[in-house]
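Below is one structure, written out as structure tokens, with a few remarks after it.
What follows is calculated from the coordinates using simple rules that are stated; it is not laboratory data. Model, not experiment: these values are computed from the prediction. Using ideal geometry, Cβ is built from the backbone for each residue, glycine included, and neighbour counts are taken over all protein chains shown.
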Amino acid sequence: MRRIIGVIVLLLVLFWVISAPLTASATVNAILAALASAATSIIVFVRHLF
């Protein structure tokens, strides 16, 4: 069951990338920017602890 759901999710993502590549790339860029910001915040926090 888990494998079937994984394949379905993969197919949906692939369809999304093929049908709307600009939207997909903008979404991925936004997610990566949020992750980078979170990582930077954690690094700043840890540096200020010491």
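Each row is one residue, and each column tells you yes or no for (1) loosely packed, with under 10 Cβ neighbours inside 10 Å; (2) touching a helix residue (DSSP H, G or I) at 6+ places or on another chain (Cβ under 8 Å); (3) in a helix (DSSP H, G or I).
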| site | (1), (2), (3) |
| --- | --- |
| R3 | yes, no, yes |
| G6 | no, no, yes |
| L10 | no, no, yes |
| W16 | no, yes, yes |
| A30 | no, no, yes |
| A34 | no, no, yes |
| T40 | no, no, yes |
| I43 | no, no, yes |
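Every residue in region 18-28 that is among the polar types (S, T, N, Q) and surrounded by 10 or more Cβ atoms within 10 Å (Cβ to Cβ), please.
Initially, region 18-28 is screened for residues among the polar types (S, T, N, Q), giving 19, 23, 25, 27.
Once the filter is applied, which keeps residues that are among the polar types (S, T, N, Q) and surrounded by 10 or more Cβ atoms within 10 Å (Cβ to Cβ), region 18-28 yields T23, S25, T27.
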